[in-house]
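Data first, discussion second: the structure below is written as structure tokens.
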Amino acid sequence: MNLSRLSRCILFACLLILSPHLRAQGLSAAAHHAKTSSPDLAIVQLEKDIPDLMSQADVPGLSIAVLRNGRTAWLHNFGIKNTKTKEPVTDATIFEAASLSKPVFAYAVLKLVDQGKLGLDVPLSTYLPKPYVESDDRLAKITARIVLSHRTGFRNWRGDGNSLSIYFTPGERFSYSGEGFIYLQRVVEQIEGKPLNDIMTQLVFTPLGMASSSYVWRADFDERTATGHDGDATPQDLWKPKDAGAASTLNTTAHDYALFVGAILNGAGLKPATLSEMETPQIAVDPECTNCTDRTPKQLSKNIFWGLGWGIVRNSKSETLWHWGDNGAFKCFVVADPAHQSGMVMFTNSQNGLAIAPAIVREATGSESLAFSWIKYDAYNSDSMHFAKTARDQGVEAA
């Protein structure tokens, strides 16, 4: 073999060895080029409009992540953590996720289903040593599926000092219930033999890299947390949950929650059939109420349903997953479109946070979400919000 031919062979072999690395570099460069040369116009508009929306609604701070192609395409922070300290919101800022806790817990529950530790349609009463509700045979009808689709017959919350009661036959209809999630939490803790936050860390936070997420308060949150504010931007007392609650105590960042949404979009961590169950409508909601224990629906929604842990909005284009969160002085919203591999999550430290959510979701996704007409929060530009703001700033007579 002459020297020239030998050199060509060596070069060809080197290219074969290096080709995966070079291909990866090329893809990375192409992605970077696309990101820098072809900006997402929706994101450009969001960055321009969000500060004005926050100003109009007296929302001090906001953190948002937008997902494209199944991953975070934009993570941005606006405003301040506390109107007294004026510290800015950053990627590390902790927010109360409120009811955005529920889809994350549902994901963990379905992982236990995949592991064969929990049956989706097995009565939860069979897992506990004593009845969770006394003297009601209908308890045997409540399963994980029934809880995750809000069909237990429980009220949202029983109220301090009140016993837990079943108000309609489980499975019969929809009525949003945090109590149902606490019941399922007790079953999960019984099965795993450890507290909820340890279970969530093992099943969700560690696998997904959610290093800033916890259902109980962590010492490092003290310096990182946003403070909730009432409607006139007055800071409220911090809530530092010592006990985990599957329905509402998750503290997290927009960065971390976007990792979870990405897992849902990419089908990570669940068997395909289980993920399909999660995203399949289980029950149509009553269009006139969210907490419906005292009301028999006259009709059912044709567009809004509940899956396993997620709300589902169906329109002519697609079915989107969504959830809202309301812990009073913290409001948040998440939407995910598996078919188009896109999504958005936003956290605010304000009682008024959901007043600007419809506008932000519309810009981020390109369409109106029918969910907002069901949960019925006043928009930032509504007459009622305008009256409240004018009365607060200029007095009732001016309003």
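Values as computed for the structure displayed
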read-out: Segment 116-179 - Rg (one decimal) and Dmax (whole number), Cα, Å; value: 11.4, 36
read-out: Over 19 Å (Cα to Cα) - which of Lys194/Lys242; Lys86/Lys376; Lys111/Lys242; Lys111/Lys331 fall in this group; value: Lys86/Lys376; Lys111/Lys242; Lys111/Lys331
read-out: Per-residue ³J(HN,Hα) for segment 366-372, Karplus 6.51 cos²θ - 1.76 cosθ + 1.60, θ = phi - 60°, Hz, x for Gly and Pro; value: x, 8, 6, 9, 5, 4, 5
read-out: Intensity falloff of segment 293-360 expressed as log10 I(q)/I(0), Debye formula with alpha-carbon point scatterers, at q = 0.26 Å⁻¹; value: -1.12
read-out: Segment 272-399: translational diffusion in µm²/s, Stokes-Einstein, Kirkwood Rh over Cα pairs, 10 °C, 1.306 mPa s; value: 98
read-out: Cβ-based exposure ranking for Cys332, Cys292, in which fewest neighbours within 10 Å come first; value: Cys292, Cys332
read-out: For q = 0.13, 0.20 Å⁻¹, Debye-computed log10 I/I(0) when each Cα of segment 57-211 counts as one equal scatterer; value: -0.75, -1.21
read-out: Cα gyration tensor shape of segment 165-265, rounded if a/c is under 1.5, else prolate or oblate by comparing a/b with b/c; value: oblate
read-out: Residue range of the chain that is longest and free of GluC sites (Glu not before Pro) which are both DSSP loop and sparsely packed (at most 10 other C-beta within 10 Å); value: 224-396
read-out: Per residue, the convex hull volume that the Cα atoms of the chain enclose (Å³); value: 195
read-out: Percentage relative contact order, segment 39-393, counting C-alpha pairs under 8 Å, at least six apart; value: 24
read-out: Nearby aspartates and glutamates by direct alpha-carbon distance to Lys317 (threshold 19 angstrom, same-chain neighbours under 8 apart not counted); value: Glu279, Asp337, Glu363, Glu368
read-out: Among Val122, Thr253, Asn162 the positive-end extreme of the charge dipole of segment 39-393 (Cβ point charges); value: Val122
read-out: Qualifying trypsin sites (Lys or Arg not before Pro) in segment 321-399, DSSP loop, other Cβ atoms within 10 Å at most 13; value: Lys376
read-out: Neighbourhood charge, 14 Å Cβ-Cβ cut-off, centred on Phe330 and excluding it, Lys, Arg +1 and Asp, Glu -1; value: -1
read-out: Residue exposure sequence - Thr85, Thr348, Thr72 - by fewest surrounding Cβ within 10 Å; value: Thr85, Thr72, Thr348
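Readers should treat all values here as calculations from the given coordinates under stated rules, not as data from a laboratory. Predicted, not measured: the structure shown is a model, and the values here were computed from it. FYI the Cβ positions are ideal-geometry reconstructions off the backbone, even for glycines, and counts take in every protein chain you see.
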